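Only one structure is covered here, and it is reproduced in the block below.
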Amino acid sequence: MVDDAQQGMILLDITSADDGFDRDLLERFGHAVKVCHGPAHGTLCPLLAEKGCADFEQAHGVLFELDLDRPQHRAILRRYRELARPEVPIRAIVTSGQAVRYAGEFSDVELLPHAPNVADLDGFAAEVEAADRAGHLAS
């Protein structure tokens with residue numbers, strides 16, 4: 001059985017606490033949720049500085065809503081995909097224009113061009129649970 005403290009932790013990488021994500025809903029689905037508000041202006045994300053990030057390292061899924069028009073934010077999203085196990089779901093909440101502009105660059109990340117609704121979050125939570133099972137079977 002997967003350890004409860006590690007089971008399905010979801011990292012919300014968002015600019016503010018209320019950017020359309022229903023943290024309570026994800027928690028009701030049984031997932032611990034941690035929030036990162038991205039790097040402060042003028043600082044480098046620890047993942048890009050190769051210092052590591054404990055929250056990311058514990059995440060079984062990532063919901064990302066930083067501005068893909070900013071090079072550092074694109075680099076963070078790329079780094080998430082590079083470092084995460086392939087079965088770990090990563091969703092990027094983007095504008096419709098960004099979904100078109102960055103579709104090729106982020107073909108291995110689901111770009112969601114609207115605020116996530118209950119169905120989106122439920123589907124994401126199910127993918128996190130599937131990743132947990134896959135990770136548990138691999139260990």
Against the condition touching a strand residue (DSSP E or B) at 6+ places or on another chain (Cβ under 6 Å) and touching a residue at least 24 places away in the same chain (Cβ under 8 Å), how does L112 come out, does it pass? no
Can you say whether S107 is modelled with pLDDT of 90 or more and more than 12 Å from the chain's Cα centre (by Cα), as far as the supplied structure shows? yes
The lone condition F64 fails out of (1) farther than 18 Å from D108 by Cα; (2) aromatic (F, W, Y); (3) in contact with a strand residue (DSSP E or B) (Cβ under 6 Å, 6 or more places away or on another chain) is (1)
Identify all residues within the range 77-93 that are at pLDDT below 95 and among the β-branched types (V, I, T); write none if there are none. V88, I93
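The values are calculated or read from the model by the stated rules, or taken from the named source; none is laboratory data. What you see is a predicted model; the values in this text were computed from it and never measured. Cβ sites come from the backbone with ideal geometry, for glycine too, and all protein chains shown count toward neighbours.
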